[in-house]
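The values are calculated or read from the model by the stated rules, or taken from the named source; none is laboratory data. Computed from a predicted model, the values in this text were never measured in an experiment. Don't worry about glycine lacking a Cβ; one is built from the backbone with ideal geometry, like all the others, and counts go over all protein chains shown. Protein only, heavy atoms only, side chains kept; ligands, DNA and RNA dropped before computing areas. Shrake-Rupley method; radii C 1.70, N 1.55, O 1.52, S 1.80 Å.
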Amino acid sequence: MTPIRSATLTVLASAILATSLTGCQFSDDPQQTGEIVIRADLELSGAAAPAGEAYQRALELKVEQINASGVLGGRTLSLKVKDNRSDPNESLRNIGEFANDPSVSAIIMGSCDACAVAAAKTINEKKIPTIALASANEVATPISDRRYVFKLAPNALDSAATLVSELKLSPTKVKDVGVIYTDDAYGRDGHTAMKGELEKAGIKIAATEAIRAGETDLTAAVSALVEAKSDAIVVWTNSEQSLLAATQAKADDFKGGLYFDAHAAGDLFLEGQGGVAAEDTKMVFSQTMVIDDVIATTPAKAARKQWFRDYTARFGGYHGASSFAADALQLLTDAAVRADSTSEGVNRDGLRDVLETSQMDGLSGPIRLTPDNHSGLMPQALSMLVARGGRWRLAS
């Protein structure tokens, strides 16, 4: 690993503070010492390992930055990560272990929707504040059963609305669309959201194809959408499957537009056959993934640029999902500082209460949590990106 390419400590502290909660005041009391303990349950092996590894890198980098900045005064931030193997049962064991440790203030979970849903009951019973980086609606709803569960990832309805707005602007006058989606919680959320948004826009669905979350042979599914003579194809799958879909569409000589949901975001650079096939494909995602295309006109944008530089300097590339993990850690750290402490550590109920009313212009974009909405990423965080020259760029 190469060293973090950072500016001075003062610049680093400024970047961190620029993404802190609105109105948050860190204490200067020299008597406040000890650790703020955060634990993470991530997919470091199994099907979701690429995202899990990106989350781990982001969390470890963010911990270094927060501790080096001095914004916590006499406190330090402590992080420990455990692999859930992309298995809800293993994840539940991890959550139980974390929750039973009174020194642990809060938990961050990875992208596994089934893991977050399966753990919700334990999280609520143990009263351990948790931010999941999973996307399915059920992760954070119903709130009556998710009082201690929060979500930080693109929402299906927001992604669908952004995609359909782009389809309406297409110069080719899109009249009908084919949709391929994974037959899991988030994929079904996306299918439902796309149907509603397309209907409102007066665009017909030519055909739909559901595939298994781990499917690697998309030949039949993509070919069916091409044969339906769709003007465009919307791909609502993970990044690996999205590139497979692009490859098959090119093999089938598909002439329409390809559009990826936010779940397709992975590495900034697109390699191999999939990367070539995805040229000119559009994807809805956070602008942070292409922040090097953006002029830093605000402190928040400057912080995003610094994060992008630090991450790429450390790891040699950029992964789209990294900013969500960093923002989750920032949210929990800020809330822990503002919550009351006990002899055993941060008061979990106090941390939950602060978190539930948190606002932050984060690395991923604007984030707002309320008692009625535990899914924090705002629609304004999403932009359209386009694949050009083997990497993602800002579409406009």
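A few comments on the model shown:
- Residue in the range 91-98 that is in contact with a Phe, Trp or Tyr (Cβ under 6 Å, 6 or more places away or on another chain), free of Cβ contacts under 8 Å to residues at least 40 places away in the same chain and either part of a helix (DSSP H, G or I) or surrounded by fewer than 19 Cβ atoms within 10 Å (Cβ to Cβ) (or both) present: no
- From the options Ala119, Ala161, Ala136, residue that is of a type in the set (Gly, Ala, Ser) and under 15 Å from the mean Cα position of the chain (by Cα): Ala136
- Out of Ala193, Ala210, Ala206, one residue alone is closer than 21 Å to Val139 by Cβ, in a strand (DSSP E or B) and without any contact (Cβ under 8 Å) to a residue 60 or more places away in the chain. It is Ala210.
- Matching residues, the range 147-171, being open to solvent by 20 Å² or more (accessible area, probe 1.4 Å) and either in a helix (DSSP H, G or I) or among the basic types (Lys, Arg) (or both): Arg147, Leu157, Asp158, Ala161, Thr162, Ser165, Glu166, Lys168, Leu169
- Matching residues, the range 356-381, being part of a strand (DSSP E or B) and open to solvent by 20 Å² or more (accessible area, probe 1.4 Å): Gln359, Asp361, Pro366, Arg368, Thr370, Asn373
- Those residues of the range 242-291 which are in contact with a strand residue (DSSP E or B) (Cβ under 7 Å, 6 or more places away or on another chain), in a helix (DSSP H, G or I) and without any contact (Cβ under 8 Å) to a residue 60 or more places away in the chain, in sequence order: Ser242, Ala246, Ala249, Ala264
- Residues in the range 172-181 that are surrounded by fewer than 24 Cβ atoms within 10 Å (Cβ to Cβ) and touching a residue at least 60 places away in the same chain (Cβ under 8 Å): Thr172, Val174.
- Comparison of Ala300, Ala328 shows that the only residue that is modelled with pLDDT of 95 or more, open to solvent by less than 10 Å² (accessible area, probe 1.4 Å), outside any strand (DSSP E or B) and touching a Ser or Thr at 6+ places or on another chain (Cβ under 8 Å) is Ala300.
- Residue list for the range 124-146, restricted to those being aliphatic (A, V, I, L, M) and open to solvent by less than 10 Å² (accessible area, probe 1.4 Å): Ile128, Ile131, Ala132, Leu133, Ala134, Ala136, Val139, Ala140
- Screening Ala136, Ala119, Ala114 for residues that are of a type outside the set (Ser, Thr, Tyr), under 26 Å from Ile36 (Cα atoms) and touching a residue at least 24 places away in the same chain (Cβ under 8 Å) leaves exactly one candidate, Ala119.
- Within the range 331-351, if we keep just the residues that are of a type in the set (D, E, K, R) and open to solvent by 10 Å² or more (accessible area, probe 1.4 Å), the residue that is modelled with the lowest pLDDT turns out to be Glu344.
- Test: residue in the range 329-346 that is within 22 Å of Ala160 (Cα to Cα) and touching a Phe, Trp or Tyr at 6+ places or on another chain (Cβ under 7 Å): no
- Test: Lys121 is of a type in the set (Lys, Arg), surrounded by fewer than 24 Cβ atoms within 10 Å (Cβ to Cβ) and at pLDDT 95 or above: yes
- Screening Thr192, Thr208, Thr237, Thr247 for residues that are within 19 Å of Pro50 (Cα to Cα), modelled with pLDDT of 95 or more and not aromatic (Phe, Trp, Tyr) leaves exactly one candidate, Thr237.
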